[in-house]
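Each remark here refers to the structure printed beneath this line.
The values are calculated or read from the model by the stated rules, or taken from the named source; none is laboratory data. Everything numeric here is computed off the predicted structure, so don't read it as measured data. A quick note on method: Cβ atoms are made from the backbone with ideal geometry, for glycine too, and the neighbour counts reach across all protein chains shown.
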Amino acid sequence: MLGPLIGGLADHYAGHLAPGLIAAGLSVVNFFSASAILRESLAVEHRTTRPLFDLGHMVEALARKALRPLMLVWLLAPFAFAGYTVVLPLQTAKAFAWGARELGWLFVLIGAIAALVQGLLFGRIERHTGARALLIVGLFGMGVSIAALPWAGTSLLVYAWTVPLAFTNSLFAPARRVWCPCTRTHGTGHDPRGRPGVRRAGPQLGPLAAGLAYDELGQRSTFLLVGGVMLLGGVVALWLPKGGG
């Protein structure tokens, strides 16, 4: 909640360099704090040396038929959401002349909803519905909200569509961690599912794809494309086993 507020206000009142300098300073503080406070959690007997570029675990995961829907969800959802975060400032700046301050307040709202849902509501809802259902609802909810955004004709409507987007994203984020407990390392340092590698590809490719689409296809087509990718993730999630991985 505080990060976007600090960044937006710093950019507005202190210039474009300010958010980067503040973030860098906080990162340095975090580095020394972590170095002094945190202990290594990985047992010595489980530590291994791996190649710098190792795609073997991803290939192994994708080769297992039962895991392919999960891998696709881990790829599509971050891809789409990262693309949305790139085109959102472009859209609001063009349509409503928003700057860093206005975007900062919007992300404060997103952070507040995330804190409310994940801190108070998710556990209560998940006990009744299961994590798989929330994961699917989250994907479809985000897809619809993203696709509808370019038709928001006022700043108020942008906020109105951001509420269901933030709510469903706040359901999806913890649900994807809860649904498949077998992907946890359990202190071994090894993820047999290859999930982290696939998941990290989405945020790397999504901004590039969304930016290119925005230049070549226009704003509405880009939001429809990004929302469609998220909806495709929801369709794929329907094939996830009901009992968890």
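Observations, loosely collected:
- Top-ranked residue of the range 1-44 - restricted to ones that are more than 21 Å from Gly104 (Cβ to Cβ) and in contact (Cβ under 8 Å) with a residue 24 or more places away in the chain, ranked as surrounded by the most Cβ atoms within 10 Å (Cβ to Cβ): Leu42
- Filtering Val178, Val144 for residues that are at pLDDT 95 or above, among the β-branched types (Val, Ile, Thr) and under 25 Å from Leu109 (Cα atoms) leaves a single hit, Val144.
- Consider the range 118-134 and keep the residues that are charged (D, E, K, R) and crowded, with 18+ Cβ neighbours inside 10 Å. The one that is nearest to Gly233 (Cα to Cα) is Arg132.
- Residue count for the range 82-108 under the criterion of being over 11 Å from Pro4 (Cβ atoms), in a helix (DSSP H, G or I) and small (Gly, Ala, Ser): the result is 4.
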